[in-house]
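Structure record follows, encoded as structure tokens.
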Amino acid sequence: MTQQTTADEFQDVAADATNTATESGKQTAQRVVESVKEARAKSASLAADTQKTLGANVEDFSKRLQGVGSFNQQTLEAFGKSSEIAAKAFEGIGREVAAYTKTSFEERLAAAQDLSTAKTLPELFEKQTAFARSAFDGWVQQASRLSEIYTAAVKDIAAPISQRFSAAAEEVKA
């Protein structure tokens, strides 16, 4: 076996590793994009269901408290405000996921380029392992961040409606 043959084989292994890493990055990016689309669809469905449920609750509430137009107007405004907050929250979530997707894709491309510079198989495996750890840590961090955003959004969305229910309870007591 000549030195040229070994270099060619190493180059082939490095090229295969780079192609595999690039394909893995593309697949990950595609999964993230699909997740974003799925999240958007779910959020749209959630918003529609929420609006439908809220609409039904408002109608029932209005029937029970006829003659209290001012109170109903305030309640409808609270639902509108809650819907606006929900829309803004979902937009923010979409932006957050899109930003992560972009960053993640760029990191994967950089890692693929870095993998192609490996001179030995152990070095290649070390770089791949480091990349995998970094990618996983980034994903966990992003999942935690999205969880925080969702929790804050739910709290903010519920606040105007909660205030109106408190007011309704006070009206019933009076």
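Structure values in brief
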quantity	calculated
Residue ID - nearest to SER82 (Cα to Cα), chosen from residues in the stretch 55-65 that are surrounded by 12 or more Cβ atoms within 10 Å (Cβ to Cβ), of a type outside the set (Phe, Trp, Tyr) and modelled with pLDDT under 70	SER62
Positions within the stretch 43-54 being β-branched (Val, Ile, Thr) and surrounded by fewer than 16 Cβ atoms within 10 Å (Cβ to Cβ), in sequence order	THR53
Members of the stretch 82-129 that are hydrophobic (A, V, I, L, M, F, W, C), without any contact (Cβ under 8 Å) to a residue 60 or more places away in the chain and exposed (fewer than 13 other Cβ atoms within 10 Å of the Cβ)	ALA99, ALA110
Residues satisfying the stated conditions in the stretch 1-34, i.e. at pLDDT 75 or above and of a type in the set (Gly, Ala, Ser)	none
Filter pass, ILE161 being of a type outside the set (Gly, Ala, Ser), in a helix (DSSP H, G or I) and closer than 21 Å to VAL97 by Cβ	no
Test result for ASP49, at pLDDT below 75 and part of a helix (DSSP H, G or I)	no
Residue in the stretch 115-132 that is of a type outside the set (Phe, Trp, Tyr) and within 14 Å of the chain's Cα centre (by Cα) present	no
Residue in the stretch 142-158 that is nearest to PHE105 (Cα to Cα), counting only those that are hydrophobic (A, V, I, L, M, F, W, C) and surrounded by fewer than 14 Cβ atoms within 10 Å (Cβ to Cβ)	ALA143
Evaluation of ARG40 against (1) loosely packed, with under 13 Cβ neighbours inside 10 Å; (2) in contact with a helix residue (DSSP H, G or I) (Cβ under 9 Å, 6 or more places away or on another chain); (3) at pLDDT 75 or above; (4) within 24 Å of LYS102 (Cα to Cα) (one fails), failing number	(1)
Meets criteria (at pLDDT 90 or above and among the β-branched types (Val, Ile, Thr)) for THR103	yes
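The values are calculated or read from the model by the stated rules, or taken from the named source; none is laboratory data. Source: prediction; values computed, not measured. Heads up, the Cβs are rebuilt from the backbone with ideal geometry, glycines too, and the neighbour counts pull from every protein chain shown.
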